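For reference, the structure discussed in these notes is given below.
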Amino acid sequence: MTQSTLTQRAYRHLQEGILSGKLSPGSVVSESRLAKELGISRTPVGEAIRQLAQEGLVRQVPRYGTIVRAIEPRDIEELYEMREALESYAAAKAARRIKPLQLAQLDVLCTNIESIADDLNKEHQDTLDLATLRRFLAADLTFHLMVVKAAGNQRIFNTIQETRTISQIFRMRRHEPDQAIVHRASQMHRKIFEALASGDSLEASERMAEHIRASREDTLSYLAKEQQQSHSDVTAIFELPDEVRRELTRIEEEDLETIE
């Protein structure tokens, strides 16, 4: 294996441990132990740890080691502010250059979420079962990645992929999104799509910013409610099923060349 491949292997192993809760906040990550566990040298493990430190998932403390970070509400606010700035810009640019095939694919994703919202309404369900949850989260994540990809700026696309890692801990590890969140996402995605289809850059930017701000408020509100109900560490509250988390990881790691 190449050095890059080994680094990605170590990175995915650590990321999986953090997102699953196996590596809880405050846990110390040992380079030598992990290298031995994976059967690789310490060099790629060190590179993986530095990448996770840049993403804010771990903190490197001189003369002590690497510690898994506890994510605070301020971290979430800053991440959503970054997403709002980058994704609203990307939506504006995408409106000027998006291709018919990309629009068709976004339309399908909008329809998928609308179908989920309709089913919840017809069946009078307030929460999603596991299969429906997977569909909703995958469609939501793919929609955003496709809009950014359509903007044609690879650096922005890479940055969005990196920062979504932390936001998933809170926004996507809620195992029971309520009906209101699904309906609002459905409506907002459709408005963004319509702005992109009409080539209206300003409208696309404003609708994307509105969507991300609403998502931020939902996340912070949910977090505050859970903190009132429990004094345990906030990252231990959420538990997205393994198969859903793996599906989301697969989507994020895709090159998405088929939508270019």
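The values are calculated or read from the model by the stated rules, or taken from the named source; none is laboratory data. As the structure is a computational prediction, the values presented were derived from the model and not from experiment. In this analysis, Cβ positions are derived from the backbone assuming ideal geometry, glycine residues included, and neighbour counts consider all displayed protein chains. Keep in mind that these areas ignore ligands, DNA and RNA; they rest on the heavy atoms of the full protein, side chains included. Shrake-Rupley method; radii C 1.70, N 1.55, O 1.52, S 1.80 Å.
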**Complete:** In the stretch 104-127, residues that are closer than 11 Å to residue 179 by Cα and hydrophobic (A, V, I, L, M, F, W, C) total 3
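Each row is one residue, and each column tells you yes or no for (1) over 19 Å from residue 189 (Cα atoms); (2) open to solvent by less than 10 Å² (accessible area, probe 1.4 Å); (3) out of contact with any helix residue (DSSP H, G or I) (no Cβ under 9 Å at 6 or more places or on another chain).
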site	(1), (2), (3)
90	no, yes, no
94	no, yes, no
117	no, yes, no
120	no, yes, no
135	no, no, no
141	no, yes, no
151	no, yes, no
155	yes, no, yes
**Request:** Might you check whether a residue that is open to solvent by less than 10 Å² (accessible area, probe 1.4 Å) and modelled with pLDDT under 85 occurs anywhere in the stretch 194-205?
**Result:** no
**Prompt:** Being open to solvent by less than 30 Å² (accessible area, probe 1.4 Å), β-branched (Val, Ile, Thr) and under 19 Å from residue 22 (Cβ atoms), is that true of even one residue in the stretch 75-82?
**Reply:** no
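Name every residue in the stretch 206-243 that is part of a helix (DSSP H, G or I), charged (D, E, K, R) and modelled with pLDDT under 80, in order of residue number.
225, 226, 242, 243 - these are the residues of the stretch 206-243 that are part of a helix (DSSP H, G or I), charged (D, E, K, R) and modelled with pLDDT under 80.
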**Prompt:** Within the set of pairs 6+ apart or on separate chains, which have a first residue in the stretch 111-138 that is β-branched (Val, Ile, Thr), a second that is in a loop (DSSP other than H, G, I, E, B), and C-beta atoms under 7 Å apart?
**Reply:** 127/176; 127/178
**Request:** Mind listing whichever residues of the stretch 184-198 are more than 14 Å from residue 147 (Cβ to Cβ) and either among the small types (Gly, Ala, Ser) or touching a residue at least 60 places away in the same chain (Cβ under 8 Å) (or both)?
**Result:** 186, 198
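How many residues are over 12 Å from residue 58 (Cβ atoms) and in contact (Cβ under 8 Å) with a residue 12 or more places away in the chain if we restrict to the stretch 2-23? Don't jump to the end; show me each part of the working.
So in the stretch 2-23, the residues over 12 Å from residue 58 (Cβ atoms) come out as 2-10, 12-13, 16, 19-22.
Still in the list and also in contact (Cβ under 8 Å) with a residue 12 or more places away in the chain: 3, 6-10, 12-13, 16, 19-21.
So the answer is 12.
Looking only at the stretch 70-85, decide whether some residue is outside any helix (DSSP H, G or I) and in contact with a strand residue (DSSP E or B) (Cβ under 7 Å, 6 or more places away or on another chain). I'd like the intermediate steps shown before the answer.
So in the stretch 70-85, the residues outside any helix (DSSP H, G or I) come out as 70-72.
Those left that are additionally in contact with a strand residue (DSSP E or B) (Cβ under 7 Å, 6 or more places away or on another chain): none.
No, the conditions are met nowhere in the stretch 70-85.
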**Message:** Checking residue 63 against (1) of a type outside the set (A, V, I, L, M); (2) free of Cβ contacts under 8 Å to residues at least 24 places away in the same chain; (3) on the phi > 0 side of the Ramachandran plot; (4) open to solvent by less than 20 Å² (accessible area, probe 1.4 Å): exactly one of these is not met. Which one?
**Reply:** (4)
**Message:** Quick check on my filter: what residues within the stretch 1-28 are modelled with pLDDT under 80, surrounded by fewer than 19 Cβ atoms within 10 Å (Cβ to Cβ) and farther than 17 Å from residue 47 by Cα?
**Reply:** 20, 21
**Message:** Condition (residue is in contact (Cβ under 8 Å) with a residue 24 or more places away in the chain, surrounded by 18 or more Cβ atoms within 10 Å (Cβ to Cβ) and touching a Phe, Trp or Tyr at 6+ places or on another chain (Cβ under 6 Å)) applied to the stretch 39-48: is it met by at least one residue?
**Reply:** yes
